[in-house]
Amino acid sequence: MNRVIISPSILSADFANLSREVSAIKEAGAQWVHVDVMDGHFVPNITIGIPVVQSLRKATDLILDTHLMIENPEKFIKPFVKAGSDILTFHYEACADRAGEVIDLIKSEGVKAGISIKPKTDPREIIPFLNKVDLVLVMTVEPGFGGQEFMHECAMKIPVIKENAPDGLVIQVDGGINNLTSKICTSLGANSLVAGSYIFKNSDYKKAIESLF
Ligand code: DX5
Ligand code: ZN
């Protein structure tokens, strides 16, 4: 079995030194960088957007795993792809009536498409899309902020996705991941873990990443 993909969330990194931070996580063994985009509407917080992705693209060759916590995601697909995102994950709740079209649009831009669900969303709602996407992101906190506590009941969605997943689907988990909750998720079938505060608040990123396996 392939190794679990770790995607450190830069939401908990030092934003004044992002270039240094992404180099440090690469050095520590990460292959992906998780970029949390928030619009103050879909979630009650505002973070970063297109110009930051553009700068990150120049600073690193790591996979830019972009988590769009925004309304009307279809409006921003082209700009994020142009800026350098490799994966665009949107929220099903932001466009439930047109999720298939949003996936097609992302794929037509030549990048990987991910679909994410919030804690209260039934995983069975996205089963019709599993054959179209490259990645499913199961939120294990309410999206909006780093450093929240892992919601165990959300992890129980992982087997529902796994049972219906085509080969090669990335099943990613985001929120409250640490050295203990990571193992709960991987034993249930997750093969990618997003971790923000657990990695960036640790003085040794390599040790923190290794402890997730
Ligand atoms: C939350 C974000 C997460 C966040 C995770 O809305 O989507 O990616 O950075 O942070 P931790 O790992 O601290 O829960
Ligand atoms: Zn995220």
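Worth pointing out:
- Scope the range 40-58; condition in contact with an Asp or Glu (Cβ under 6 Å, 6 or more places away or on another chain) and surrounded by 15 or more Cβ atoms within 10 Å (Cβ to Cβ); matching residues: PHE42, THR47
- Applying a threshold of 7 Å to beta carbon distances and a minimum spacing of six or more residues, or different chains, the list of pairs starting in the range 163-189 at a residue that is free of Cβ contacts under 8 Å to residues at least 12 places away in the same chain and ending at one that is buried (at least 19 other Cβ atoms within 10 Å of the Cβ) and basic (Lys, Arg) is empty.
- Pair list, Cβ < 8 Å and 6+ apart or interchain, from the range 137-150 residues that are within 10 Å of GLY176 (Cβ to Cβ) and touching a residue at least 24 places away in the same chain (Cβ under 8 Å) to residues that are acidic (Asp, Glu) and more than 8 Å from ligand 1 (Cβ to nearest atom): VAL141/GLU149
- Output for the range 4-29, where each listed residue is closer than 19 Å to ASP61 by Cβ and among the charged types (D, E, K, R): ARG20, GLU21, LYS26, GLU27
- The range 159-191: number of residues that are farther than 21 Å from PHE145 by Cα and either away from ligand 2 (no atom under 16 Å from the Cβ) or not hydrophobic (A, V, I, L, M, F, W, C) (or both): 18
Okay, residues lined up against (1) in a strand (DSSP E or B); (2) charged (D, E, K, R); (3) more than 14 Å from ligand 1 (Cβ to nearest atom); (4) closer than 24 Å to LYS132 by Cβ:
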position	(1), (2), (3), (4)
MET38	yes, no, no, no
PRO51	no, no, yes, no
LEU56	no, no, yes, no
THR66	yes, no, no, yes
GLU74	no, yes, yes, yes
LYS78	no, yes, yes, yes
LYS82	no, yes, yes, yes
THR89	yes, no, no, yes
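- Checking the range 24-34 against the condition returns a match, with at least one residue being in a loop (DSSP other than H, G, I, E, B), within 16 Å of ligand 2 (Cβ to nearest atom) and not basic (Lys, Arg).
- Among the residues making up the range 73-91, a single one is surrounded by fewer than 19 Cβ atoms within 10 Å (Cβ to Cβ) and farther than 24 Å from LYS58 by Cα: GLU74.
- Within the range 186-213, tally of residues that are away from ligand 1 (no atom under 12 Å from the Cβ), closer than 25 Å to THR121 by Cβ, surrounded by 20 or more Cβ atoms within 10 Å (Cβ to Cβ) and of a type outside the set (S, T, N, Q): 1
The numbers here are math on the coordinates, done by the rules we state, and not lab data. Fair warning: this is a prediction, and the values are worked out from it, not measured in the lab. Positions of Cβ are generated from backbone atoms using ideal geometry, with glycine treated the same way; all protein chains shown enter the neighbour counts.
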